[in-house]
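A short write-up of the structure that comes next.
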Amino acid sequence: MFKCCLHSQLQFRSETSLESDHLMGSREPIVLIFLILISTYESSAKGGIAEELNEEFTEGLLLRPLPDRKVLAHFHFQSSVPPTRIYGRHHHLFPKSIYQLVNKFRVREMELSFTQGRWNYERWGGYDPISSSSAKPPGVELWADFDVPLDQVDDSWRNLTHALSGLFCASINFLEHSTSYSAPQWSFHSFAGKLRYGTLPREAVCTENLTPWLKLLPCRDKAGLSALMDRPSIYKGYYHSQRLHLTSDDFGTAKSNAGTMLEQTLTVVLQPNTLGARAMVSGKTLQPSWSLNSLFGRKVHGKCSVSKSSNVYVQFEQNLVSELKEVRKKSEAPESGILIHDDFGNNTIFEMSASPDRVVKEVENLQKEDSSILLEFLVEDYNDSKPFDLGLRWKLPVVWSCQQAPLHASRFLMGSGNERGAIAISLKSLSSNNTPTVGCCEKGSQLRINIFQVVPWYVKVYYHTLKVFIDGELQSTMENIEKIHISPSEDKVSPGVMEMILRLPCGVITAALTLEFDKGFLHIDEYPPDANQGFDIPSAVVSFTDFQASASFEDNLLNKLPILNELQERKHVISYTEVLLVPLTTPDFSMPYNVITITCTVFALYFGSLLNVLRRRVGEEERRLKSKAAKKKGPLTSLLSKLSAKLKGRPVEPPETPSTSPSLINNKLVLKVILVAGIAAGWQYYFR
Amino acid sequence: MAEISEASSTSTTDPDFDPETMRKSKPGLKRLSLTLTVLFSYLLGLPFLLKSIEIYRSPLPFREIDDLSTAIESSPIIFPCHFRAVFVNFDPNSYTADQLSVSVQAYMAKLATKNSPACGTCASNFTVYVTIDSNSNCISNGNNVDWKCGALNEFKVAEKRDDGLLDEYLESVFYNNNNNNNNSNGKVYTVVVVKTEEEEVSAVVGKYRHAWIMGRVFEEQAVEKIAEIFVKVFVNGGKEEGLIHGELMPVGADGKIVLSFNLLNADPHDWIYDWDFREIDENLLAPIIAALKPLADVSVESQVLYHTPKASFSIWDDKLDSYIFSTKDLPFFVNSNEWHLDTSVAAGGRSKILQFVVYVPSAKECPLRLQLPNGEISTTNGFISPMWGGIVVWNPSACLMDSKLKHPLRRKISPEDSRKVFEIFMGQLRQLFGLKSDGLFVGASGTSVLLASERGFSEWELDVLSRQHSCFNLLQCGTTLGSISRLVQSLPRMIIMDDIGKQVKYSLEAAKLTLSNASLGIYDASAESSRQARLLAEDAFYHPSMMSVSYYSFEHCFAVYSPFFLPVTLHVLLAVLREWKRYKQESKKYNAWQAKVK
């Protein structure tokens, strides 16, 4: 079975999302936070006006070793342009096609992602900003919010899908049918009905989608960090997701100076080349050593000359940092009171080929003393004669695991046969100590989970059959659901959409939702060419509204760097479930013609026999039969009797009286049987 | 049946009766008529069946389409033109106005016949009025000639030698006259001949619809020159043969042009140049767009691209102290792999996009110059590609300094430089439209100066363009409609939607309107309606439902209906045949019996 499961993150920008879950209860802290927010906004706006408004382009690359011997590479490019009313419509850096797209269809916000492979939430993490924003469902996912009157939103969406389809060489135009997209009300984003969401789970992603994506960068893949994108290297990875996120406030009344911003990210998970056997130290396998050259087969020859900043970061996650400390304590003398980032170039555990220009530590406001560390490398100082090739070599084996999402979400089908089945979404707590579930979920509080699921119309879900199981026991549905919105599917018009906020008690181990469905029948024209492969149900989006996936860094200067801004953006923890594959009954596609042929043949037979009966002369036929019987036998029978006589060697007998005829009939019968047997034998012989 | 059995029973009684060959009763017609009824009702049902499986075809006016396309192809549309020659300071007694008019017309006819009547010209459909202004009195040969006597005396032609001022002055004179008379019957082109004492004879074509000749000229000489200016400049647009053909008018089928300006930095490691396109757009391009309004909707967009090397090679030339690319390299100059001069999202499907490219060479090929086939260096350092656009190589001043900087230089192209570059682009745009870009017209009877308009196109040039444009559009419309009609007639099982029928109808109407406007000499309106005609014709041709021909073909129909109709037809026909045969046989028997009885 073809099964894919990906998770990713949607950005929740509603005002309520700014409230941290700790401040939920009381009113005052919220007011305070707003005050702070407003004041910071004002100061930043003033600063923005003071400096000259201009287009900007930045590039960044974040590398992170993953626990399962792989490496995550996250490219981040951002182009921004001031609003049209100040800056005009002629640009120097911002891609013309995207600007025209935004203006023509009045797009306020849009996200398009092309993904191949499935993000492994258990191994690669489900709690950090990258997994929440760049883990996406397989295939294409597109959502867009328009600044047009409500009745024109669908038209804008259709035109946009066609334009994007042409721009990115993908079949995004299949999202134009009202059966393939939906309008989420509140769970996905809070944009008053002007948002449209659609996915194409089966879209194949390859270089023809990457090349147009690269064309939007001023340096394409000619210079800068994007020069690393060697197609064979990035497509042989375990996960590949290219994303394009667009925000614009050219429209509307808000007189902000944010303008239009285009954020492009490419997230790949690669397996470093470990030549030969794995290196072993004291019985444990070492993590693979890697360098940019070994990962991508290329080096960085300086930055893209029009980019404002061009940095490479290596991130050591929180769990890895504490593990490193442990390992060091064991291996070194007790005088290792020095902080871990004192000697990042070369220490007893690993060695980096270049020493970082700066070390940034995450400020963890909540619990642990250990926090993730970012090593910053500036690409500006490198050039053709001195290319930048960052390498990481492990000296001691280290084992760690990633931060997990509060609950692990998965979705599967139940039931068998081509008639009915059930969809189940299961949420499982990963009972390890390093999940933040324990810390966040206080006594008496409840865990709120937002589920958004779109089901195509031919899977007819009976929403009244919704059942909630908590820790394996059936629970009352109404008690556990805080808010639910359902728009049932309409045949051949719209898909079924379910949005709900699930309230789970603290310390829940497993929770499951089941929904029963009937499989519908499609019209013969509606089947895709490979109908027997089955039909995809797009991924459900599970977001944990009580948890924020964001990191904050100690250095305030870093706020200007978009790649770190992306990490610091406050977003909910989001995971995508697997794509489901539902086999539907597929008809015999030659059926209509067969039916036509059989019906027509039956009609023709009926018609012909009716005509024959009408012109039959019964009396005459009877008379004929009588006269025939009275007459002698026909020439053929006499010939046959002569032949048999000759064979028997007897003289030809005179024609017999009717009394002897039965034996002759028997002879005839035998001859007929022999004839049929001969034909059958011949048939067998020739057509074997 | 009854009769036959009866006959057989009676046969024993009658010795003459042979039941094999005779019968006593008349053969019945019951079964024959029954089978025939079935056959006929079957045949009658066929039209109903055909009607039920008929596909919808909107009726198209095939005959009108054919009429239109034959009309357009046989005779290109000819506009009426009105000319006026004013002879100032000439002696009215040597030649009369009529004589001059006749001789000008004779010369013009000679020039016009030399080149076959091109599309959108006047051919022989013109009128010439002549006025002789001899300071004291004026003599004209037409009643609607409105030349204010002694108008030029006020201006004191001889003293002021400024062509621009004279041009404006003449315009004010003619404009006033035109306004007073409210003479809307087309536009009148004027040549003013002023006899002065100067030896040198100069001819200047102004920005509006007039030209003037000054100097010591005589009537014969003047007449020849006037005829040439009328025919070669005002009617044909001063084009030389071998330049871009008029049919390659770079206007999209929907009457839109997108001017896409691109600044290409070949290698941003060396230097990055930027431009202030907003200012250029507002100051330099806006008047041109306004001027071209009757011809096409022009929109402007710009982008700056980086890492865009050219695809051809250049060689260092010591003598010229620069890198040289020759005209042979031009086909390979545009690097379509790296120059992603995107098609515009803003432009609809059939708009024409003209690319204008400023190429900033990298340090290792700077300065880069274009060498002409005669070995000289091109002054514009640019070239055009018809229907694609133009390219200008702009060498930054920094390349002469030859300093390898560590950080790339970020600069703006200075306003003077960008003005120069855009002047070259204007010339290229004029060339793309098939007009001259050097401001000189060299005719058989001497050189004329063409005054350049600050709007890029002078009024008489726009007239030429709109005449050609309407003619070309009409031709295109005729061919497209002809193709539609041929296509529709050749595919009898193609569905034709009502939309297509309507579009064809409106297109024909617009084409007729164009023809009538053209015959009245209203250039703008005919350009507009011809554009409409072409757009509608193309819309009809590219209508998405035209693709439905692939569905419900005849084979499909045959496959669906043959399982029923083939066997049934067989039954019905055989039944009729058998019954007919039997009837003939039986009536023969009856006749035999009848004969015997008698």
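The mean number of partner chain beta-carbon atoms within 10 angstrom of a residue's beta-carbon across peptide B:297-308 is 5. Working from label points 7 Å from Cα in the Cα-to-Cβ sense, the A:T599 to B:D91 distance is 10.2 nm.
Sorted on the mean count of surrounding Cβ atoms within 10 Å across their residues, most packed first, peptides B:483-495, A:67-79 read A:67-79, B:483-495.
Direction-averaged shadow area of the convex hull around the Cα atoms of the range B:256-432, nm²?
On the way: hull surface 42.2 nm².
Averaged projected area of the range B:256-432's Cα convex hull equals 10.5 nm².
Could you tell me whether the range A:561-600 comes out rounded, prolate or oblate from its Cα gyration tensor? Rule is a ≥ b ≥ c as square roots of the eigenvalues, rounded for a/c under 1.5, then prolate if a/b exceeds b/c, otherwise oblate.
Details: a/c = 9.12, a/b = 4.64, b/c = 1.97.
Because a/c hits 1.5 or more and a/b exceeds b/c, the range A:561-600 counts as prolate.
State whether the range A:408-539 is rounded, prolate or oblate according to the following rule on the C-alpha gyration tensor (a ≥ b ≥ c being the square roots of its eigenvalues): a/c under 1.5 gives rounded; otherwise a/b larger than b/c gives prolate, and the remaining case gives oblate. Since a/c reaches 1.5 and a/b is larger than b/c, the shape of the range A:408-539 is classed as prolate.
Work out the mean other chain Cβ neighbour count within 10 Å for the residues of A:298-307 and drop it here as an integer.
Details: counts 0, 0, 0, 1, 1, 0, 3, 12, 9, 0.
Across A:298-307, the average partner-chain Cβ count within 10 Å equals 3.
Near B:V130, once Lys and Arg are set to +1 and Asp and Glu to -1 for all other residues with Cβ below 11 Å from its Cβ, the sum equals -2. Residue ranges A:80-91, B:580-591 sort as A:80-91, B:580-591 when ordered by packing (mean number of other C-beta atoms within 10 Å per residue, highest first).
I want the local charge near B:Q99. Using Cβ-Cβ distances under 12 Å, sum +1 for each Lys or Arg and -1 for each Asp or Glu among the other residues. Intermediate values should be presented prior to the final figure.
On the way: positive: none; negative: B:D98, B:E219, B:E220.
Surrounding charge for B:Q99 is -3.
Rounded to whole numbers, the Karplus 3J(HN,Hα) couplings from phi for the range A:582-591 are 9, x, 9, 5, 9, x, 6, 6, 8, 3 Hz, using 6.51 cos²θ - 1.76 cosθ + 1.60 with θ = phi - 60°, and x at Gly and Pro. When the C-alpha to C-alpha distance is required to be over 29 Å, the pairs from B:K51/B:K581; A:K626/B:K30; A:K96/B:K436; A:K96/A:K222 that qualify are B:K51/B:K581; A:K96/B:K436.
Here's how it looks for B:R84: its modeled amide H is under 5 Å from those of B:Y129, B:Y189, B:T190, B:V191, which are all 5 or more places away or on a different chain. With 28 Å as the limit, the listed pairs B:K232/B:K293; A:K361/A:K483; A:K325/A:K428 have A:K361/A:K483; A:K325/A:K428 beyond it between alpha carbons. Per residue of A:610-617, other chain Cβ atoms within 10 Å of the residue Cβ number 5 on average.
Can you give the net charge of the other residues whose Cβ lies under 12 Å from the Cβ of A:G297, counting K and R as +1 and D and E as -1? Don't jump to the answer; show the numbers that get you there.
Working: positive: A:R231, A:K236, A:R298, A:K299; negative: A:D230, A:D389.
Once all neighbours under 12 Å are counted, the net charge is +2.
Read the figures in this text as sums done on the coordinates, not as results from a lab. Note that the coordinates shown come from a computational prediction; the quantities given were computed from them, not determined experimentally. All Cβ positions, even for glycine, are placed from backbone atoms using ideal geometry, and neighbour counts span all protein chains on display.
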